[in-house]
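S.K.: Take a look at this one; I'll ask things after.
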Amino acid sequence: MRDRGHITGLPIYQLLGGNFRDAIPCYVSGLPKPTLEARCALAQEWQSKGFHTVKLALGYGVAEDVANVRAIRQAIGPEGDILLDAHWNYSLSEAAELAAGLHDYRVRFLEAPLLPEDVAGHAALRQKSAIPIALGETERTRYQFRPFIERQAVDILQPDVGRTGITELMHIASLAETWNLKVAPHLSVGLAPCIAASLQVAAALPNFHLLEFQPPVFALANNLLKTPLVCRAGEYQLPSGPGLGIEVDEQCVRDYSGRKVC
């Protein structure tokens with residue numbers, strides 16, 4: 001079955017109304033090293049490659065989380081940006097304490113601080129926190145995002161195109177735009193079609209903020225494509241071909257399925 005992009009010969013972003021950008025700014029998601037010293041070194045390594053924004057996985061207790069952020073800030077200096085993902089680990093009081101403790105380290109957003117269903121808690125936290133609150137990877141429709149928006153419980157929305165689909169993500173972003181909110185699409189373990197769909201959407205959003213970049217997943221995704229996607233110096237390159245702009249190497253997929261290496 002051919003999609004509308006291939007029928008018309010147009011990339012998806014053109015079918016969504018055109019692109020606001022040719023390159024998609026991104027952040028490195030996670031510093032998967034066993035020690036804090038190694039994580040600091042990895043952050044510096046990415047910075048040397050032009051990736052000046054990193055996201056840390058937190059949720060180990062307020063004091064340890066603050067210590068981790070302090071070390072990363074010292075490692076990358078004032079020119080780097082830090083994002084945080086607490087993975088729903090904190091209570092309201094703990095998250096408020098964490099936000100206060102991070103005040104001096106120029107954290108750009110605090111993601112998933114509370115349980116994802118807690119609209120009232122996020123609204124209360126947003127009133128207490130000087131750090132922007134980001135959430136939404138678990139939600140699938142604009143109707144699930146709407147209470148967070150109307151209760152002023154969020155600063156940055158993070159719909160995942162793998163869960164919402166392209167059309168619904170555009171509806172979510174439009175709703176966010178009416179409240180002057182930014183959208184930073186979540187992008188975790190989805191392979192090439194999900195990554196490419198996220199790029200198409202990110203290009204077409206007027207209120208786009210940043211896109212997630214998962215290096216190990218990205219490398220695996222490219223192994224299954226005839227022409228790899230490109231991410232360098234803190235930006236994805238927008239594919240220009242029809243549809244999602246990618247072509248899956250079906251033989252390579254078959255080889256992977258048969259436990260062979262392409």
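The values are calculated or read from the model by the stated rules, or taken from the named source; none is laboratory data. Given the structure is predicted, the values throughout are model-derived calculations rather than measurements. Every residue, glycine as well, gets a Cβ built from its backbone with ideal geometry; the counts of neighbours run over all protein chains shown. Note: accessible area is taken over every heavy atom of the protein model, side chains too, but ligands, DNA and RNA are not part of it. Shrake-Rupley method; radii C 1.70, N 1.55, O 1.52, S 1.80 Å.
S.K.: List the number of the failed condition for Ser188; all other conditions in (1) part of a loop (DSSP other than H, G, I, E, B); (2) small (Gly, Ala, Ser); (3) surrounded by 19 or more Cβ atoms within 10 Å (Cβ to Cβ) hold.
M.R.: So Ser188 meets the others, but not (3).
S.K.: Restricting attention to the range 214-225, which residues are open to solvent by 50 Å² or more (accessible area, probe 1.4 Å) and of a type outside the set (A, V, I, L, M, F, W, C)?
M.R.: Keep residues of the range 214-225 that are open to solvent by 50 Å² or more (accessible area, probe 1.4 Å), which gives 216, 219-220, 223.
Scanning the range 214-225 gives Pro216, Asn223.
S.K.: State which residue pairs qualify: first residue closer than 17 Å to Arg232 by Cα and among the charged types (D, E, K, R) and inside the range 16-41, second residue in a loop (DSSP other than H, G, I, E, B) and at pLDDT 95 or above in any location, beta carbons under 7 Å apart, and separation of 6 or more residues or different chains.
M.R.: From residues that are closer than 17 Å to Arg232 by Cα and among the charged types (D, E, K, R), the pairs are Asp22/Leu238.
S.K.: Now for a separate question. Restricting to the range 89-99, give me the number of residues that are open to solvent by less than 70 Å² (accessible area, probe 1.4 Å) and assigned to a helix (DSSP H, G or I). Break it down stepwise before answering.
M.R.: Let us first name the residues in the range 89-99 that are open to solvent by less than 70 Å² (accessible area, probe 1.4 Å), namely 90-92, 95-96, 98-99.
Then drop every residue that is not assigned to a helix (DSSP H, G or I), which leaves 92, 95-96, 98-99.
Summing the residues that are open to solvent by less than 70 Å² (accessible area, probe 1.4 Å) and assigned to a helix (DSSP H, G or I) in the range 89-99 gives 5.
S.K.: Additional query: Inspect the range 249-259 for any residue being part of a loop (DSSP other than H, G, I, E, B), open to solvent by less than 30 Å² (accessible area, probe 1.4 Å) and at pLDDT below 95 and give the result as yes or no. Please lay out each step first, then the result.
M.R.: Of the residues in the range 249-259, the ones part of a loop (DSSP other than H, G, I, E, B) are 249, 258-259.
Filter again for open to solvent by less than 30 Å² (accessible area, probe 1.4 Å), leaving none.
So far as the range 249-259 goes, no, none of its residues is part of a loop (DSSP other than H, G, I, E, B), open to solvent by less than 30 Å² (accessible area, probe 1.4 Å) and at pLDDT below 95.
S.K.: Considering only the range 207-248, state which residues are part of a loop (DSSP other than H, G, I, E, B) and either in contact (Cβ under 8 Å) with a residue 60 or more places away in the chain or touching a Gly at 6+ places or on another chain (Cβ under 8 Å) (or both).
M.R.: Kept after step one, since they are part of a loop (DSSP other than H, G, I, E, B), are these residues of the range 207-248: 207, 209-210, 214, 224, 226-230, 233-234, 238-242, 244-247.
Leu210, Gln214, Ala233, Gly234, Leu238, Pro239, Ser240, Gly241, Pro242, Leu244, Gly245, Glu247, listed by residue number.
S.K.: Mind listing whichever residues of the range 226-241 are modelled with pLDDT under 95 and open to solvent by less than 80 Å² (accessible area, probe 1.4 Å)?
M.R.: Correct list: Pro239, Gly241.
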